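Notes follow once the structure below has been shown.
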Amino acid sequence: MILATVIYIVAINVVGFYISSFVFLTLMSWYLSDWGLNLASLGISTGFAVILTGAVYATFALFLGVPTPPGILF
């Protein structure tokens with residue numbers, strides 16, 4: 001998990017905060033889920049990551065106007 005966190009921190013500067021956060025949250029919640037590594041738990045983890053990343057975007061970018069590290073797409 002430490003390696004995944006280091007990759008996440010490096011990826012923030014390369015692809016941006018929101019994309020790297022979405023990928024990190026999806027993979028880590030899928031890996032740490034109690035349901036095993038199957039497609040159903042991957043779908044739940046992806047939904048969780050979409051909701052949480054969207055909430056972070058709405059909070060920081062829309063409501064507070066705080067910039068996040070930009071990347072290739074954002």
Report summary line: Longest principal axis of the chain (C-alpha) makes with the long axis of helix 17-31 (C-alpha) an angle, in degrees to the nearest 10, of 10 degrees
Report task. Run the quick spin-label model on residue 39 and residue 6: label points 7 Å from Cα toward the beta carbon, then report their separation in nm to one decimal. Result -> 3.5 nm
Query raised in the report: Expressed as an acute angle from 0 to 90° and rounded to the nearest 10, what is the orientation of the C-alpha long axis of helix 39-57 relative to the principal long axis of the chain?
Result: 20 degrees
**Report entry** Calculated FRET efficiency for the pair residue 28/residue 66, C-beta based, R₀ 30 Å, to 0.05
**Finding:** 0.80
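Values quoted throughout were computed directly from the atomic coordinates according to the rules given, and no laboratory measurement underlies them. For clarity, every value in this text was computed on a predicted model and none was experimentally measured. Backbone-built Cβ (ideal geometry, glycine too); neighbour counts: all protein chains shown.
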